[in-house]
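**Student:** The following block contains the structure, expressed as C-alpha cells.
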Amino acid sequence: MMTKFLCLFLAAALSHSLFSQTTWIPTASPQTDRYDDIYFISPDTGWAVGTLAGNGRILRTTNGGATWQTQKNISTYMRSIEFADKNTGYAGGLGQSGTTIFYKTTDGGVNWTNISSVITGSNAGICGICCVNTSITYAVGVWASPAYVIKSVDGGNTWTYTDMSAYAKSLIDVQFTDANNGYVTGESNINSEGAVILKTTDGGSTWTKVFMSYGPGERLWKIQNLDGQNWFACIESAVADFNDTTTNFFLKSTDGGNSWVVKPAPRSNYLQGIGFMDTQRGWIGSTELFETNDGGNSWAKLTNYPGPNAFNRFQKINAGTAYFSSDIVYKLGNTLPVTSMAPKEHMKWLSVQPNPAKGDIYYKLELPHKTMYGVKIYDARASLIHEEIGERDKGTHRFHTGKKLAPGVYYVYVMYNEFAEYEKVIVE
C-alpha cells in the first residue's frame, strides 16, 4: 500500500510539474520577419499571415502547428486574418494604395479572391479584422494613418466605409462582442491624448472615446476579450523606448471594457502583443516576452526566446491551448522551448548624418524592400516636433525636418511594418 501511495504521489507531483512548465514552444511554421496575425477555429486548425522581405504569405495548419501549408503568396505585406467559420475568412495586407490588400476565401483558404475593389475610401490596408458571424464583419486600418472602419453585413459582398479621423489618427485592432457592441484601438486624432480606445454600441454608427493614455508617442496596439468581463490591452510607446524615465503600460478592464485601469508593464521595446489565459496568468511583449502569474502586478522576463522577436497576436483557444504569433508561430505546451534556435540579427535601416547636427536633422532610410514607415522626432521633453508618414520602395530615402531646431537632444523614432528603431541626435 505504501508503494502504491508513493507512486500515486509521484505521478501527481510530476503532472503538476509538467503543467506548471507550460510555456511557448515553436510550431513548425517557417521563420519570417514577422507573423502579424493568426486565427484558429479549433485547437488544431488555424491560419497565419507572415511576411519575409516584404512578401506576404497565408499559411494553414490542421494539426496544431506540427505542419503548415502555404495557401497563397502575395507580393505585399500581410497584416491580418480572421475566419467566420471553417470556410469563410478574410486576410488583409498593407501599403498598396488600395490594391491587393484585402482577400476573401469561401473554401477554407484553398482559393483567395481579391475583394479590394469593393472597398471605397482612403484605404492603405487592413490591420485588424473581427468576424461577428458569417454575415457581419468589421475591419480597421491602418497603423500609420489614416484611420477608418469598414463593415459588411452581407458576408463580405459589399462594405461600408467610415472615416474615423474625427476620433483617431490610426487604428490597429478591433474586437466586437456582437453585431452592435465593439471596440477599436489606435492613436488619438489629438496628439496629446496618445493611445485611444473607441467604443460603439450601435454597430459603428457612432463612437465614443472610452480611454486615452495622454502619453506622447503612444498607440493602443492589441486588445483581448478574455471572458466578456475581463479585457486586456497593450500600449505601444515610442517614448518609452528611448526615455529611461518613461514607463510602459498595459490596460485592464473588469467591467466589459467600459472602464480601464492603467498598470505598469515591463520596460522593453515597443510592447505590442498581450494575452491572458485567465485573470492571473498572461504574457506581454514584442522583441522580448514577459510572463505574469498575478494579474500583471509583477512580470518576469522569459529567457528562452532569442531575439529580436515580434510577439504580436495572442489567441486563447480553450483552457489549455493558446497560440502567439512572432517571427514564428508559438503554441502553449508542456515542452521546454528550443534554446538552440539562432537569434536573428537586429535590423537597422535608419541613420542620422551629421550627428551632431547643425540646426536641422538630416536622416535617411535604407530600405531593403517596399514598406510603410512612420517617423516621429521628439525633443528631450518628449514633445513631438516633426512627423512624416508614408510608403517607399526599396532603396535609399533622405529626409530632413526643414526646421531651425534649438540646440539640445532629440530622438528620431521610426516604425516600419516590420519593426521600430531610433537614433539619438545632438543639435548644436
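**Student:** Report, as a whole number in µm² per second, the diffusion coefficient that Stokes-Einstein gives for the range 350-427 at 4 °C and 1.567 mPa s using the Kirkwood radius over alpha carbon pairs.
**Tutor:** 103 µm²/s
**Student:** Where the centroid of each part is defined by its Cα atoms, how far is the range 356-420 from the range 127-162 in Å?
**Tutor:** 31 Å
**Student:** Let me ask something else. May I ask you to derive the FRET efficiency for Thr62 and Met347 from their Cβ-Cβ distance with R0 = 30 Å, giving the value to the nearest 0.05?
**Tutor:** 0.35
**Student:** Still on this structure, I have one more. Write down the Å³ per residue value for the convex hull defined by the alpha carbon atoms of the chain. Mind dumping the intermediate values first?
**Tutor:** Working: hull volume 62.9 nm³, N = 428.
Expressed per residue, the convex hull around the Cα atoms of the chain is 147 Å³.
**Student:** Mind putting a number on the dipole of the chain about its Cα centre? Charges go on the C-beta only, +1 for Lys and Arg and -1 for Asp and Glu, and I need it in Debye to the nearest 20.
**Tutor:** That gives the chain a dipole magnitude of about 420 debye.
**Student:** Any idea how far apart Asp107 and Asp278 come out in nm if each label point goes 7 Å out from Cα toward Cβ?
**Tutor:** Roughly 4.4 nm, to one decimal.
**Student:** Hey, another quick one. Using the Kirkwood radius built from alpha carbon pairs, what does the Stokes-Einstein equation give as D for the range 236-359 at 25 °C and 0.890 mPa s, in µm² per second?
**Tutor:** Once the numbers are plugged in, D ends up at 151 µm²/s.
**Student:** Say R0 is 22 Å: what FRET efficiency, to the nearest 0.05, do Ala179 and Asn87 get from their beta-carbon distance?
**Tutor:** Values: r = 20 Å, r/R0 = 0.93.
Using R0 = 22 Å, I get an efficiency of 0.60.
**Student:** If you don't mind, there's one more thing I want to ask. Compute the distance in nm between two label points, each set 7 Å from the Cα along the Cα-to-Cβ direction, one at Asp393 and one at Leu52.
**Tutor:** Inter-label distance under the simple model: 2.5 nm.
**Student:** Can you give me the relative contact order of the range 350-427 as a percent, contacts being Cα pairs under 8 Å and 6 or more apart?
**Tutor:** Working: 182 pairs, mean separation 29.4, N = 78.
Averaging sequence separation for qualifying contacts and normalising by length gives 38 percent for the range 350-427.
**Student:** Rounding to the nearest 10 and keeping the result within 0 to 90°, find how far the Cα-based axis of helix 2-20 lies from the longest principal axis of the chain.
**Tutor:** 20 degrees
**Student:** Among the lysines, select those whose C-alpha is under 23 Å from the C-alpha of Lys151, and discard any that sit fewer than 8 residues away in the same chain.
**Tutor:** The reachable lysines, counting only those whose Cα sits under 23 Å from Lys151, are Lys86, Lys104, Lys169, Lys199, Lys209, Lys222.
**Student:** Take peptides 56-65, 402-411, 283-292 and line them up by average Cβ neighbours within 10 Å, highest first, as a rough protection proxy.
**Tutor:** By packing density, highest mean first, the sequence is 283-292, 56-65, 402-411.
**Student:** What is the spin-label model distance, in nm, from His400 to Thr245 if the labels are put 7 Å beyond Cα along the C-beta direction?
**Tutor:** 3.1 nm
**Student:** I've got another one for you. Pulled fully out, how much extra length does the chain show between Arg381 and Gln69, if you take 0.36 nm times their separation in residues and subtract their Cα-Cα distance? Numbers along the way, then the final one.
**Tutor:** Numbers: separation 312, 0.36 × 312 = 112.32 nm, distance 4.89 nm.
Additional length available on full extension: 107.4 nm.
**Student:** Grab the DSSP H runs of the chain that are 4 residues or longer, score each as -39,500 (n - 2.57), total them, divide by all residues and round the 222 nm result to the nearest 500 deg cm²/dmol. All intermediate terms of the calculation are to be shown ahead of the outcome.
**Tutor:** Details: 2 runs with 24 residues, N = 428.
Counting only the DSSP helices, I get -1500 deg cm²/dmol.
**Student:** Test of understanding: what is the full-extension gain from Asn355 to Asp202, defined as 0.36 nm times their sequence separation minus their Cα-Cα distance? Before the final figure, lay out the partial values.
**Tutor:** On the way: separation 153, 0.36 × 153 = 55.08 nm, distance 5.20 nm.
Value of the extension gain: 49.9 nm.
Taken together, the values in this text are just the output of simple stated rules run on the coordinates, not laboratory data. What you are looking at is a predicted structure, and each value in this text was computed from that prediction instead of being measured. Ideal geometry is used to build each Cβ from the backbone, glycine not excepted, and the neighbour counts take in all protein chains shown.
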